[in-house]
Structures are given as structure tokens and as C-alpha cells.
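Okay, structure first, notes after.
The values are calculated or read from the model by the stated rules, or taken from the named source; none is laboratory data. Computed from a predicted structure; not experimentally measured. Every residue, glycine as well, gets a Cβ built from its backbone with ideal geometry; the counts of neighbours run over all protein chains shown.
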Amino acid sequence: MRPLPNGRPPCRGDMTMGGPVITRLGAAAVAAGLAGFVLAPLAALSLRAEGFTPTPADWAAVRFTLLQAALSAAVSTLLAIPVARALARRRFVGRRALITLMGAPFLLPVIVATLGLIAVFGRSGLLNGGLSLIGLPPLSIYGLHGVVLAHVFLNLPLATRMILQGWQAIPAERFRLGQSLGFAPRDSFRHLEAPMLREVLPGAALIIFTLCLTSFAVALTLGGGPRATTVELAIYQALRFDYDLGRAATLAGLQFLLCAIAASAAWGLARPAAFGAGQDRATLPAAPGGWRKGMDAAVILAAALFLILPLGAVVLRGLPGLADLPASLWPATLRSLLVALVSATLSTAAALTLALAVAARPNRLFDAVAMLPLATSGLVLGTGLFLLAQPLVPPARLALPVTILVNTALSLPFLYRLLLPEARALHQGYDRLASSLSLHGLARLRWLTLPRLARPLGFGAGIAAALSMGDLGVIALFATDQGATLPLVVHRLMGAYRMEAAAAAALILVTLSFALFWACDQGGRHADPA
Amino acid sequence: MLTLRDLHLTVGNFALTADWQVNPGDRVALIGPSGAGKSTLLAAIAGFIPHASGEIQWNGQPLGPAGTRPVSILFQDQNLFPHLTIAQNLGLGLNPALRLSPAQHKAVEDALAQVGLAGFGPRKPAQLSGGQQGRAALARALLRARPLLLLDEPFAALGPALKSEMLDLVASVAGATGAALLMVTHDPADARHLCPQTVLVANGKAHAPVSTADLFANPPEALQAYLGESR
């Protein structure tokens, strides 16, 4: 053997700046930018809101917000229990497809969901058609129960997946032990399932409560009026209709308080396991027969119909409308794609930078900053930015950049929590090997970080892209007739009662949202070399 | 020449001292009970953990950050990136950006051939047996040709025959590169097989290297306690 050329002096170490320093500097820059982006609007709000006290109508909006969020959380989690139990203890054709489908409403543009629900439950929808056939008076989908219905539609699948995970986390041996002791289903529930539910349900309910606190598009389409206005909607109305900046700022301050309290409570309680459910195991928990089998089948069928019918209605109503779409749709589509791609890229890069730094060295400040956007909402940030921008430029000119940045900030906490455990595992597994080979900076990113994290990065970017694509929030605050995005076009078509065109635009929106998610997710899987 | 001068390591409640040196071409085993700090000492020499006081020097100079040190290290596991090919894993040892000259590509091929893995370059680590993965990691150490080779029990999971074969390969890699060898082991046979000198790590101290034969012929109390009846 002979020594081989290695192209560098063998002995002396060159004292270059180590990779960890660069990682930390990058993360500090991202954290500072994010903190500034969230805190500056909040500061503008607090200055502007000074001297304004909330009116009775504002308190009514706060009460309605809390009421609908509490009802939505309670109904979603309670209904999810039988669905999750049936999915946990039965095996049937299409089970995996149904569980996958349960991931869809999380990515579904809210405006599309409401359109689908109106098609099924609205005045001339399927349900009322059935009711009139048997001579019953029609039901209205508007108001509190409509808002709760939409929130249950959007969150029941999320709750089901979280509870299903809890069920699957009960070791099969426990059920076997129960069987050997002669447990009836009631005993199994009391000794095995109820303790699990006590642990999982509060976290699931709190997450859904927090999500529903900032509900805007649902309230905009199905709520409204003095009796069914959320704070988020009230902010929009104060700014867009009354141009009452002080009142909008006051409401945004109230919304911030609600979100901050709920988010910090959820942070303590919730388990970060909302995404990946549905691992099968070889042995099933005891699956009782008899009437319980029929009940499980009915529950699964009902849940599947509840999910599929509104989506199917959008497709059926949208297809004929595709021939007759307004010309304004295409620029709006391009704008939405731009918003989705840019904000997904920014958000994924920022979350990765923070996650890598925190994985390498725990940092409570970075951790807190990454979660900061959860204490705000689209309209809170939007109003603050509106106040900051308005003395300098016409806010409408900033509609797209603001929409991009707000969506970037709002999807960052999800991505951060998704990437952090992966970044930790990567650091534990390969940091020393990489450091021993001087693998730093861009080379480490290219040869280690991106390939090893390709899957969660693709999945996370897909979620961010779909959420930004479908977001109807801050854009409604800033855009004029010219600068609308696709969700806003859908909303305006609905407002003009052009339901067929609205459904067609919604069909394009939902197709593009899911296509973006699918493309990013597949891209990640494809790039995963393992 | 590696010099540990009045070195103190502390990690939490754990503390270890060392004050000795290793000359070029020396082959030194580190033996002692689990948790005594053998791996910690190697991690400090490789630059993964800072030392509390004292000095780690190479030829009289203090050392830079990990990766810039005159060191190749083989860990207990995770010595290869599973998502890269064997050739890429070796190439990283020459250039972290993997921009290799034709001569360096040739060098990778040669190193693989020298450890008996000719033609394995395009494969992924998972397609190799445990022994072959160890060979690939050794081939990278051969390529890097750093003057200090640190082994943190990379072959502990291999059977006795395969391990002995790997140790012979280590000896030939160290011989070819002229590197000094520091090797953690639990097995006195490994020390006798490969290392003329042994460092006993016990009771918070890494003792200065002594002749392996003498040490096992006349073990001090701490080593007797560790070896038990098996001696």
C-alpha cells in the first residue's frame, strides 16, 4: 500500500469559520426578520387602538368567536371518537384511502369547502331537496349552526386522525390481556380506551378551538350580521366597509389576545402528532361483533359521505361552468400560484434554517419566535401592515407581497414543528461524521441535509403551498378589483350569485391546491434516496 | 506528535484527566470499564467536545475545529452516509463539496481496491455487509491519510474472525499512511493483537501508555477489577 493523494496538507488544520456559526447566524437573521414582521404590525395596532374602547358589537363578536370555536371543537372531537374507534378496530376495502382522504380537508381551500357545503346543505341543496320531498320546511345553512357545520367538516378529519393515533398507540398486548380477563366491550372502554381519550381529547379539542378562533372565510360566507360575526370578520368589515382604522386596530388587539392565550395553552397541551396517522399493525384490538359491527359500518359510511358529498358537489357543479369562466380568472390563477410557490419556498427555507440551528444547539428564543405567528392571525397581521403601509403607499399596491409574507409567517410554525424532530435526528445521526469530514455550509446542505430531509421538506412545502394557494384572508383586506387571487374570485362570484362559475373556479382552485401539494410531496419522496 | 498536556475533560458530572503523548506510528489501545471516558477522550481529540483546561496539541501547535484536525475517526456506527454511494462517501473524504479531479476519482477506485471492495463504488451502504461497510470506512481513512487514526470500536458488532481481519486491515492502513493509531476496545485480545502500547482509562484518569504485554502480565488493581476472571 501507499499513501494516496488527497489534495490538501495533511497536518495543519485551517482555521476557517465552523459550519455551526454560519447556521446560527442564518437562524438569528431569520428569527429577527420574523419577529420584526410580527411585532411591528402589533406595535402599529397598539398605537392606533389607543383611546378606543370596544363597543357592544365588538364584545358580541368576541362572544360569538368563542362560542363557535368551543362548539366546533366539542362537536368535532365528540363525533370523531366513534369514527376513530371504527377505523381502529375494523379492516375494510378502502380504509387506507379513507384515512388519506381525511388529510384532505386540512389542505382544502376553506372557500371551496363552504361552497361544497352550500351545495349539499344550502337552500337549494341536496338536503333541503330531500326535506321538501317529504314535506318538511327547509333548513338554513347560514348563522351559528352553518359556521359550526363548516368547522366540523374541516376539522372532524383532523380530530379523527389524532384520536386514531391514540387508539393505535394502545399496545395490542393490553387488549389481549383484557380478553384473557374476560373484558366486555364496556370494560375495555373503561380500562383501556377511556384513559387514552382523557389524554388525547383535550389536546385535539384545543387545537381545533385555536384554528376556529381565526376563522374568516367561513364566517364571511356562512356567518355575518350582528349575530354571527367573528372578530376576524369584524376586523375586515371595520377596515373595508367603514374604513374605521381605530376600531379595526382595537378588534385586532382583541383577536391577538384570544389567539395568544389559546396558542400558548395549546402549546403546553397538544401533542405534535397531527399529521402522520394510520400505521397498521398485525393484530387488531378486540373487534366486537353483533350490533357494534353494524354501528361501526354506519359511522364509517356517514363520515365518508359527510366528507365526499360536498367535494363531489363542487366537482359536479363546477364541470359545466368550466366552459364559461370570467376572463379575470386567469390572472388571478397566476397570482395565486405565485403566492403559493413563493411563500412555500420562503416558509420552508426559514423553518429549515431555524430547525437546523435549534437541532444543533437548543435555543429557547428561536423556538419561541418560530411559534410567534400562532399568536396572530391573517387579519391581525394584515391590519397592522395596512396601518404601517397606508401613510406611505396605497395598500392595494402591496396586496401580493403582503399576502405572500403573511402566508409565509402563518405556515412557518407548522413547518418548524414538522422539521424540528427530523433535524434533530439528522444532527444526532450524522453531525459528527459530517464535521469530521469538514462537511459544512453549502456542501453539507447539498450532500447531507437536503437529501436526508427531502421527504419532510417536500411534505411541508406542499402543505405550505396548498394553504397559501387557498388562503382567503389578508388578500381580501388589501386587494382591489384588479389584484384578486383565485379564492377571492371564487368569493366574489359567490357574492354575485354566479354559483356555477364560482363552482368552476373553485374546482380549478382545489385542483391546483392539491396538485401543488402532491407535486411537492412527490418531489420530496422522489429526492429521498433511501 | 499528539500531546495531551494536563488535559481535563468535564461533561456534566463526568471528569477525565490525561497527560501524555503519542508519537508518529505508535499504535495505542484504550481499555477500561464502560463509562470510564474512552470515547469521550477520542471525541475531545477529534474536536467534538471542548476541554475544560490543559492542551491538546499536534506537533506543538493547538488544534482547530473538528474536520480541520489531522485526524480520521471511525465511530461505533454511522460511519457512512446511507443516502450516498460508497464512492461518494469516500470522495467526501477528499473534498467535502464532492468536486473531484480525475486523479481523485482514480484515488477513490484505488482505495476501494486496496480494501478489497473493487467495483463497489456505485453501491449504497445498505447493499454492503457490516464488514464491507467497515472496509469502506477504512478506505476513506486511507484516502484522507491523516497522521492520526482514531477508532471508537467501529468493529464491535462484527464476529471474532471478521473483527480480527478488520484489525489487520487497520494495521495495514496505519502502516501505509504512517499514521499513529488510537483505538478504543473492550477486548484485551484486540489490544494484544494490534497495539504494542495500551492506555488504561479508569477512575477519572487516562493513564500514560505502557507496554501492552507488561500491562496484562501485571495488571493494576483497576484493570484487574475490569478484567475479572476472564483474564
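Some notes on this structure:
- Residue within segment B:176-184 that is farther than 18 Å from residue B:25 by Cβ and in contact with a helix residue (DSSP H, G or I) (Cβ under 8 Å, 6 or more places away or on another chain) present: yes
- Taking each residue of segment A:36-59 that is more than 30 Å from residue A:370 (Cα to Cα) and looking for partners that are assigned to a loop (DSSP other than H, G, I, E, B) and at pLDDT below 90 with beta-carbon atoms closer than 8 Å, six or more apart or interchain, yields A:57/A:226.
- If you filter segment A:202-256 down to residues that are outside any helix (DSSP H, G or I) and hydroxyl-bearing (Ser, Thr, Tyr), you find that the one that is farthest from the chain's Cα centre (by Cα) is A:243.
- When residues in segment A:62-113 are screened for being touching a helix residue (DSSP H, G or I) at 6+ places or on another chain (Cβ under 9 Å) and within 25 Å of residue A:520 (Cβ to Cβ), 15 of them pass.
- Out of A:90, A:95, sole residue that is touching an Asp or Glu at 6+ places or on another chain (Cβ under 6 Å) and over 19 Å from residue A:205 (Cα atoms): A:90
- All conditions but one from (1) assigned to a helix (DSSP H, G or I); (2) within 8 Å of chain B (Cβ to nearest Cβ) apply to residue A:450; the one that does not is (2).
- In the set A:227, A:247, A:240, only one residue is touching a residue at least 24 places away in the same chain (Cβ under 8 Å), of a type in the set (D, E, K, R) and within 21 Å of residue A:471 (Cα to Cα); that residue is A:240.
- Taking first residues from segment B:87-116 that are more than 10 Å from chain A (Cβ to nearest Cβ) and partners that are assigned to a helix (DSSP H, G or I) and basic (Lys, Arg), the Cβ contacts under 6 Å between residues at least 6 apart in sequence or on separate chains come to B:90/B:140.
- Helices (runs of 4 or more DSSP H) fully within segment A:93-194 counting 3 or more residues that are under 23 Å from the mean Cα position of the chain (by Cα): A:95-101, A:104-107, A:110-121, A:144-169
- The strands (runs of 3 or more DSSP E) found entirely in segment B:1-84 that carry 3 or more residues being within 13 Å of another protein chain (Cβ to nearest Cβ) and at pLDDT below 95 are B:53-58, B:71-74.
- The sole residue among B:45, B:86, B:73 that is surrounded by 21 or more Cβ atoms within 10 Å (Cβ to Cβ) and over 20 Å from residue B:184 (Cβ atoms) is B:86.
Table: residues versus (1) within 20 Å of residue B:115 (Cβ to Cβ); (2) surrounded by 21 or more Cβ atoms within 10 Å (Cβ to Cβ); (3) more than 13 Å from chain A (Cβ to nearest Cβ).
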{"site": "B:152", "(1), (2), (3)": "yes, yes, no"}
{"site": "B:176", "(1), (2), (3)": "yes, no, no"}
{"site": "B:190", "(1), (2), (3)": "yes, yes, yes"}
{"site": "B:201", "(1), (2), (3)": "no, yes, yes"}
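- Residue within segment A:360-376 that is hydroxyl-bearing (Ser, Thr, Tyr) and either part of a helix (DSSP H, G or I) or modelled with pLDDT of 95 or more (or both) present: no
- Residues within segment A:98-128 that are over 19 Å from residue A:162 (Cβ atoms) and aliphatic (A, V, I, L, M), tallied: 11
- Annotation note: Cβ proximity below 7 Å between a residue of segment B:198-211 that is more than 9 Å from residue B:32 (Cα to Cα) and a residue that is crowded, with 20+ Cβ neighbours inside 10 Å and hydroxyl-bearing (Ser, Thr, Tyr) (sequence gap 6+ or interchain) occurs for B:198/B:212; B:209/B:198; B:210/B:198.
- Selection from segment A:60-92 of residues that are without any contact (Cβ under 8 Å) to a residue 12 or more places away in the chain and either under 21 Å from the mean Cα position of the chain (by Cα) or assigned to a loop (DSSP other than H, G, I, E, B) (or both): A:78
- Yes/no for residue B:179 being under 19 Å from residue B:75 (Cβ atoms) and within 13 Å of the chain's Cα centre (by Cα): yes
- The sole residue among A:182, A:224, A:178 that is surrounded by fewer than 22 Cβ atoms within 10 Å (Cβ to Cβ), out of contact with any helix residue (DSSP H, G or I) (no Cβ under 9 Å at 6 or more places or on another chain) and not hydrophobic (A, V, I, L, M, F, W, C) is A:182.
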